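The values are calculated or read from the model by the stated rules, or taken from the named source; none is laboratory data. None of these values were measured; they are calculated from a predicted model. Counting neighbours? That spans all protein chains shown, and the Cβs are built from the backbone with ideal geometry, glycine included.
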Amino acid sequence: MNVIITGVGKGVGLALAKKFLAEGFLVCGSFYENKPDFSDDNFFGFPLDLGSEKSRDEAVAELKKRSIKFDILINNAGVLLDDEETSVVLDKLRKTLGVNLIGAIDFTEKVLPLLSDTAHIVNVSSTAGSLGEMKNFIHSHAPFRYPAYKISKTALNMYTCTLALRMSREKPGVVVSSVHPGWVKTDMGGEDADMSPSQAADGIYNTAISRPESGGFWFGGERVPW
């Protein structure tokens, strides 16, 4: 089987690439700066800056050269640019949406013809983008931070829902899901997080190879509130 994973240069994406390779998949993984060093014939790496339309087009052109159908697409790459902000900073919001939302959507739309009729599209989201969780947060005394990141993940979740509805009519065998990776020890999650990248990758992998109801938001096999 064949999988596309964005953002395999480090963190959860790197752990995902290792997991899928260990399970016998052909892995086509994008990297932003440094190409990961996999001594595995089943790995193909390609550069991708999700914030650049030119880079997205070049990446899709590289994937087309493989002349294969992909069974899974995992939109893992993303940025957190306003970690310490407590209100929206427009420049950071634009850049965040350019990668986490516009870039992910455009890349997905361009890759759709390369996916099999029973593919699973997995958008790595976050409970930081859950409106249901935000209701609980409002009544807590926890400090509020990174609004641009939260907004981008909420919007990405809506793309999951709209694409799932569209696929149900155009390609009914295609499943579309959002997944929460957990709070992970990465550059984004920090050292205080309670999960390792490999643990997060295992959870995402289990969702990606399954056939859940399309249009759902998942963590550890359980639904997450939108």
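Figures for the structure shown
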quantity: Selection from the range 199-209 of residues that are in a helix (DSSP H, G or I), of a type outside the set (Asp, Glu) and surrounded by 15 or more Cβ atoms within 10 Å (Cβ to Cβ); calculated: 199, 200, 201, 203, 204, 205, 207, 208
quantity: Close pairs (8 angstrom Cβ cut-off, 6 or more residues apart or separate chains): at negative phi and small (Gly, Ala, Ser) in the range 34-53, part of a loop (DSSP other than H, G, I, E, B) and surrounded by fewer than 19 Cβ atoms within 10 Å (Cβ to Cβ) anywhere; calculated: 45/35; 45/36; 45/38
quantity: Some residue of the range 101-118 being among the β-branched types (Val, Ile, Thr), under 20 Å from residue 184 (Cα atoms) and touching a Phe, Trp or Tyr at 6+ places or on another chain (Cβ under 9 Å); calculated: no
quantity: Pairs with Cβ under 7 Å, 6+ apart, first in the range 96-120 and touching a residue at least 12 places away in the same chain (Cβ under 8 Å) and closer than 12 Å to residue 79 by Cα, second among the hydrophobic types (A, V, I, L, M, F, W, C) and in a helix (DSSP H, G or I); calculated: 96/148; 100/156; 101/155; 101/156; 104/156
quantity: Selection count, the range 154-198, where residues are among the polar types (S, T, N, Q), at pLDDT 95 or above and closer than 16 Å to residue 13 by Cβ; calculated: 0
quantity: Subset tally (residues that are in contact with a Leu (Cβ under 9 Å, 6 or more places away or on another chain) and of a type outside the set (A, V, I, L, M, F, W, C)) for the range 1-32; calculated: 6
quantity: The listed residue being buried (at least 19 other Cβ atoms within 10 Å of the Cβ) and on the phi < 0 side of the Ramachandran plot, out of 93, 112, 101; calculated: 101
quantity: Scope the range 114-169; condition in a strand (DSSP E or B) and not hydroxyl-bearing (Ser, Thr, Tyr); matching residues; calculated: 115, 117, 119, 120, 121, 122, 123, 124
quantity: Pick from the range 69-90, criterion farther than 18 Å from residue 145 by Cβ and among the charged types (D, E, K, R), ranking: surrounded by the most Cβ atoms within 10 Å (Cβ to Cβ); calculated: 71
quantity: Single residue of 72, 105, 68, 121 found to be of a type outside the set (Ser, Thr, Tyr), in contact with a His (Cβ under 7 Å, 6 or more places away or on another chain) and within 24 Å of residue 172 (Cβ to Cβ); calculated: 72
quantity: Hits in the range 10-53 (condition: at pLDDT below 95 and within 13 Å of the chain's Cα centre (by Cα)); calculated: 11
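For (1) in contact with a helix residue (DSSP H, G or I) (Cβ under 9 Å, 6 or more places away or on another chain); (2) closer than 15 Å to residue 75 by Cβ; (3) hydroxyl-bearing (Ser, Thr, Tyr); (4) exposed (fewer than 15 other Cβ atoms within 10 Å of the Cβ), each residue gets a yes or a no:
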position: 131; (1), (2), (3), (4): yes, no, no, yes
position: 152; (1), (2), (3), (4): yes, yes, yes, no
position: 161; (1), (2), (3), (4): no, yes, no, no
position: 178; (1), (2), (3), (4): yes, yes, yes, no
